[in-house]
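Take a look at the structure below.
The values are calculated or read from the model by the stated rules, or taken from the named source; none is laboratory data. On a predicted model such as this, the values are computed, not experimentally measured, just so you know. Heads up, the Cβs are rebuilt from the backbone with ideal geometry, glycines too, and the neighbour counts pull from every protein chain shown. Areas reflect the complete protein model, heavy atoms only, side chains present, ligands, DNA and RNA absent. Shrake-Rupley method; radii C 1.70, N 1.55, O 1.52, S 1.80 Å.
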Amino acid sequence: MTPAEIAKVQDYLFKTFKTKGLEIKPRKQKDSAEVFIDEEFVGVVYVDEDEAGSYLFEMAILKEDL
């Protein structure tokens, strides 16, 4: 993801989750970025290949975290 895409998605997630502790960091893969809240990894944002300008957010909730 480009820095402009990351900023746009990060702003959206700030508003959605109402937290300033959220940060999106680029990955080696150009089609995605990692999402952190207060330095803890929570998921990955992917560029949606089927819909231009859209993104997918994937977050796993593990049994041991519940």
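Each residue in segment 1-18 was checked for being open to solvent by less than 40 Å² (accessible area, probe 1.4 Å) and outside any helix (DSSP H, G or I), and 1 pass. Close contacts from segment 1-25, counting a first residue that is without any contact (Cβ under 8 Å) to a residue 24 or more places away in the chain and on the phi > 0 side of the Ramachandran plot and a second that is in a strand (DSSP E or B) and loosely packed, with under 11 Cβ neighbours inside 10 Å, with Cβ to Cβ under 6 Å and a gap of 6+ residues or different chains, come to none at all. Scanning segment 19-33 for residues that are among the basic types (Lys, Arg) and touching a strand residue (DSSP E or B) at 6+ places or on another chain (Cβ under 9 Å), which turns out most open to solvent (accessible area, probe 1.4 Å)? The qualifying residue most open to solvent (accessible area, probe 1.4 Å) is Lys30. If we scan segment 34-46, do we find a residue that is exposed (fewer than 11 other Cβ atoms within 10 Å of the Cβ) and at pLDDT below 90? Looking for residues that are exposed (fewer than 11 other Cβ atoms within 10 Å of the Cβ) and at pLDDT below 90, one finds none in segment 34-46, hence no.
For segment 40-66, a residue qualifies if it is in a loop (DSSP other than H, G, I, E, B), under 13 Å from the mean Cα position of the chain (by Cα) and under 17 Å from Ala7 (Cα atoms), and the qualifying residues are Asp48, Ser54.
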